[in-house]
Every structure is written in structure tokens, then in C-alpha cells.
Amino acid sequence: MNRSRNFLMLAGVAFCTVFVSSASFAQNGEAVNADDVLSSQTSTAQAGAQDAPAMSDVDKGLAEAKAENEDEAILAQKIALAKRMHEIRPTRTQVDSAVGSAAMMLPASERQNFTVTMKSMLNYNAIERISIDAMVDTYTLIELKSMVEYFSKPEAKSASAKVQNWARAVNPHIVKMIDEAIMRIRTGQ
């Protein structure tokens, strides 16, 4: 099971990497040289140490979302919209999709046991509560309204249903790149 946990953690890192920092892997549709990425991270870290960091647009958006929560009427709307998002895109479906993606990284003989074990150990209701709270703290009222509007569309539902297929095509390449980068870091190459 320890090996399965490592695969799940790696799958989570790979999946998050695609959404959070895809710019590190590609720019204008082209592959990025690992040496360039590593040297730019070093340069960025050195530059950041010299300058006081300015608040990014993301940080400003997060601060705005949290400030909205001080108004009880807005907070109630945000909670309702976050719950609506979970009706449109159920937590169980999203978590099961992530578990399925992680299982695909295991040998075929281990996949079913891994999937059954993971699903039996997860508290889907707790994950949903955590997710709703996080949505309320992360997104502004306008963003939540826009998300509900978008994900209610048939095209968005169709696209969402294909995410696991997309992840199956992309994740092995990301994992390979991460493995290669880790090996280069460990060996100093």
C-alpha cells in the first residue's frame, strides 16, 4: 500500500502541476529546456531575495474573496453557489477520477485493489465540506457565479467528462519529465 500511496501522491503532484504551473513545462506550445527552467528558478529566487514581493493578482483576488465573506448576505450567496458547483460537479466524481488516474500509473494487476481500497478509505462528505469552504474563501462572488454559469452548460459538462481521458494522455509524460528532473537534481547534472 505504501507504493500505492506514493503513486497517488505523484499523480496528485503531476495533476496539480498541469493546472498550477504549466508555464514551467511549455511556453507558446513548445517544450521548455529543463536547464532553462532550473536556471530561471535560481535567478527568480535570487531576485526575489533582493526585492520586497508585490502582491500578485492572485493574492489580491484571494484577499478580495476573503473580504467579501465579512458581509453575511454575500457570504450566504457564495455558500449557495459553492454548493451548486458541487451539485454540477460532484466531489465524489472528481475524487474518483483522481483515484482512477492514479490507479492507471500502477501495474494492471494492482489497479483494482488500489481503487477499491482508496474509495473505501475516503470520506467524501468531509472532502465536499472542505471543498465548499475552500471555494468560499478562494473565489469572489462574481467568480462563483461565472463558474456555475459555465459548468452548467452542456459543452462544459462534456468537456469535464473528458478530463480523465486527457489526464491519462498527459500524466505519463509529466511523470517522466518529473522523474528525469529529479534524477538530474540528485546527480547534479
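The values are calculated or read from the model by the stated rules, or taken from the named source; none is laboratory data. What you see is a predicted model; the values in this text were computed from it and never measured. FYI the Cβ positions are ideal-geometry reconstructions off the backbone, even for glycines, and counts take in every protein chain you see.
Against the condition of a type in the set (Val, Ile, Thr), within 30 Å of residue 68 (Cβ to Cβ) and crowded, with 17+ Cβ neighbours inside 10 Å, how does residue 99 come out, does it pass? For residue 99, the condition - of a type in the set (Val, Ile, Thr), within 30 Å of residue 68 (Cβ to Cβ) and crowded, with 17+ Cβ neighbours inside 10 Å - is not met.
Residues are listed down the side, and each one gets a yes or a no for (1) in a helix (DSSP H, G or I); (2) more than 16 Å from the chain's Cα centre (by Cα); (3) among the acidic types (Asp, Glu):
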residue: 143; (1), (2), (3): yes, yes, yes
residue: 146; (1), (2), (3): yes, yes, no
residue: 158; (1), (2), (3): yes, yes, no
residue: 167; (1), (2), (3): yes, no, no
residue: 170; (1), (2), (3): yes, no, no
residue: 173; (1), (2), (3): yes, yes, no
residue: 177; (1), (2), (3): yes, yes, no
residue: 181; (1), (2), (3): yes, yes, no
residue: 185; (1), (2), (3): yes, yes, no
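Pairs linking a residue in the stretch 50-79 that is of a type in the set (Gly, Ala, Ser) to a residue that is surrounded by 12 or more Cβ atoms within 10 Å (Cβ to Cβ) and not in a helix (DSSP H, G or I), with Cβ atoms under 8 Å and 6 or more positions apart or on different chains, are 61/140; 65/139; 65/140. When the stretch 79-95 is examined, which residues are found to be in contact with a helix residue (DSSP H, G or I) (Cβ under 7 Å, 6 or more places away or on another chain) and either of a type in the set (Gly, Ala, Ser) or farther than 16 Å from residue 138 by Cβ (or both)? 82, 88, 92, 95 - these are the residues of the stretch 79-95 that are in contact with a helix residue (DSSP H, G or I) (Cβ under 7 Å, 6 or more places away or on another chain) and either of a type in the set (Gly, Ala, Ser) or farther than 16 Å from residue 138 by Cβ (or both). Just to be sure, is residue 171 at pLDDT below 95, of a type in the set (S, T, N, Q) and loosely packed, with under 13 Cβ neighbours inside 10 Å? No, not satisfied. Within the stretch 158-184, which residues are farther than 15 Å from residue 102 by Cβ and touching a residue at least 60 places away in the same chain (Cβ under 8 Å)? If the condition is that a residue be farther than 15 Å from residue 102 by Cβ and touching a residue at least 60 places away in the same chain (Cβ under 8 Å), then 160, 177, 180, 181, 184 are the ones that fit. Restricting attention to the stretch 77-125, the residues being in contact with a Phe, Trp or Tyr (Cβ under 7 Å, 6 or more places away or on another chain) and over 25 Å from residue 151 (Cβ atoms) number 3. All of 99, 116, 32 fail the test of being more than 30 Å from residue 155 (Cα to Cα), modelled with pLDDT of 55 or more and hydrophobic (A, V, I, L, M, F, W, C), apart from 116.
Just to be sure before I move on: is residue 17 surrounded by 15 or more Cβ atoms within 10 Å (Cβ to Cβ), β-branched (Val, Ile, Thr) and either over 20 Å from residue 128 (Cβ atoms) or at pLDDT below 50 (or both) in the structure I sent? Yes: the conditions hold for residue 17.
Can you tell me which residues in the stretch 72-105 are among the acidic types (Asp, Glu) and under 19 Å from residue 116 (Cα atoms)? Scanning the stretch 72-105 gives a single hit, 96.
Under the condition of being within 27 Å of residue 172 (Cβ to Cβ) and surrounded by 14 or more Cβ atoms within 10 Å (Cβ to Cβ), the residues counted in the stretch 58-92 number 3.
You will find that of 118, 85, 105, the residue that is within 18 Å of the chain's Cα centre (by Cα), of a type in the set (A, V, I, L, M, F, W, C), assigned to a helix (DSSP H, G or I) and on the phi < 0 side of the Ramachandran plot is 85 and no other. Residues in the stretch 117-166 that are of a type in the set (Asp, Glu), over 10 Å from residue 82 (Cβ atoms) and surrounded by fewer than 14 Cβ atoms within 10 Å (Cβ to Cβ): 149, 155.
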